[in-house]
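Heads up, the thing below is written out as structure tokens.
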Amino acid sequence: MLKKLVTNLNQRKVKVFLLFLICSFLAWSLSKLSESYESRAAFEIDYINFPDTLLLNTAEKQFVNTKLRTSGFQFLSYGISPKKLKIDLNNVSFSNGRYYMSANTIKPQFEKQLSNTISIIEFEEQQVFIDLYQVIKKEVPIEPDVSIELAQNHLLEGDLKIEPNIIVLKGPSNEVKSITKIKTEQLIFNELKEDFSKSVGIVIPDGLVNGEISTNSVKVSGKVVRFSEKEYTISIEAKNVPVGFRIRMFPNQVSLVCKASIDTLKDISNDDFEVVVDCSNIDKTKSQLLIEVSKSPENIYAVQLLNNQIEFVLEKL
């Protein structure tokens, strides 16, 4: 019994001792980590603001090694999760066939992205070389690959809208020069009866291997309206009648059918159309002439003559 009591007491003492030891170690660690140190740190680089004529030649990660003065907490943080910093390439330099940024140029950029508690003492290298290559820039139009099947009595009002309708290519001259247009991925609409607006990806040309494009998708939109038909009877006007003659037409009026939106048809009258026959095309061996619509309103879908020929007689004055 006594032996068991002594054993329990000893175990409790050991546990208390270990607890105090752990607390002391944590307190000492926090104290040490809060102090300032000088040590090396590597930052992963993300290049931004490339000049129009340059592109990065490799996708491999690049690091810049520095010597810092900061707290142990910061060094511990960088050891667990390395920090990525941006380098602006607007002022990149070129010498002896290589592009580079000097440490003096990079340092103020880094300092803006780091905490005020971090001081950059020095860079391991005074020049950071960047694997860039020369490119050209070219604007090409977007060609939409869109298939539209409209619902009955519906029409597309106006043209398709593509935003943006121009794309900027950037790449080696031998890859970019031959590209004259960029197609979109296929977009299909069935039984369409309302306005639409949809983003669609673009198809990267096979020859563009080492270049880049200004956008990966465009917006395709259009206005769909319900249309109706209305018949109009229009007098036929004769043009280029031979001098010293007059023409008699049979009939002298013709019916035509106009297809447009219901709202548009409300504002259309006979005066908005002009149907003519051109007498300069008279063939004396024939008694018929073709007629055509020479004027019609804007914003209509179609206009169709119900008859496109007339009989005629030329009479000498």
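The values are calculated or read from the model by the stated rules, or taken from the named source; none is laboratory data. This structure is a prediction, so every number in the text was calculated from the model and none was measured. With ideal geometry, Cβ positions are generated from the backbone for all residues, glycine too; neighbour counts draw on all protein chains shown.
The figures follow:
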{"quantity": "The lone exception for V135 - which of (1) of a type outside the set (D, E, K, R); (2) crowded, with 16+ Cβ neighbours inside 10 Å; (3) out of contact with any Pro (no Cβ under 7 Å at 6 or more places or on another chain) it fails", "calculated": "(3)"}
{"quantity": "Qualifying residue in the range 224-238 (condition: touching an Asp or Glu at 6+ places or on another chain (Cβ under 8 Å), within 23 Å of E274 (Cβ to Cβ) and not basic (K, R))", "calculated": "yes"}
{"quantity": "Single unsatisfied condition, P108 versus (1) modelled with pLDDT of 90 or more; (2) in a strand (DSSP E or B); (3) over 30 Å from V176 (Cα atoms)", "calculated": "(2)"}
{"quantity": "Some residue of the range 219-230 being exposed (fewer than 12 other Cβ atoms within 10 Å of the Cβ), among the basic types (K, R) and in the same structural domain as L155 (by TED's automatic domain parsing)", "calculated": "no"}
{"quantity": "Some residue of the range 85-103 being surrounded by 13 or more Cβ atoms within 10 Å (Cβ to Cβ) and at pLDDT below 85", "calculated": "no"}
{"quantity": "Test result for V254, buried (at least 17 other Cβ atoms within 10 Å of the Cβ), part of a strand (DSSP E or B) and of a type in the set (V, I, T)", "calculated": "yes"}
{"quantity": "Cβ-Cβ under 8 Å pairs, at least 6 apart or on other chains, the range 283-311 side at positive phi, far side surrounded by 12 or more Cβ atoms within 10 Å (Cβ to Cβ)", "calculated": "N299/E157; N299/A260; N299/S261; N299/T264"}
{"quantity": "Failed item in (1) outside the structural domain of I45 (by TED's automatic domain parsing); (2) assigned to a strand (DSSP E or B), with Q152 passing the rest", "calculated": "(2)"}
{"quantity": "Qualifying residue in the range 239-260 (condition: closer than 25 Å to K161 by Cβ and out of contact with any helix residue (DSSP H, G or I) (no Cβ under 8 Å at 6 or more places or on another chain))", "calculated": "yes"}
{"quantity": "Some residue of the range 121-131 being among the polar types (S, T, N, Q), surrounded by 14 or more Cβ atoms within 10 Å (Cβ to Cβ) and at pLDDT below 95", "calculated": "yes"}
{"quantity": "Looking only at the range 190-209, and only at residues there that are outside any loop (DSSP other than H, G, I, E, B) and more than 21 Å from the chain's Cα centre (by Cα), the one that is farthest from N57 (Cα to Cα)", "calculated": "E191"}
{"quantity": "Total residues in the range 125-147, condition more than 24 Å from Q109 (Cβ to Cβ) and in a loop (DSSP other than H, G, I, E, B)", "calculated": "2"}
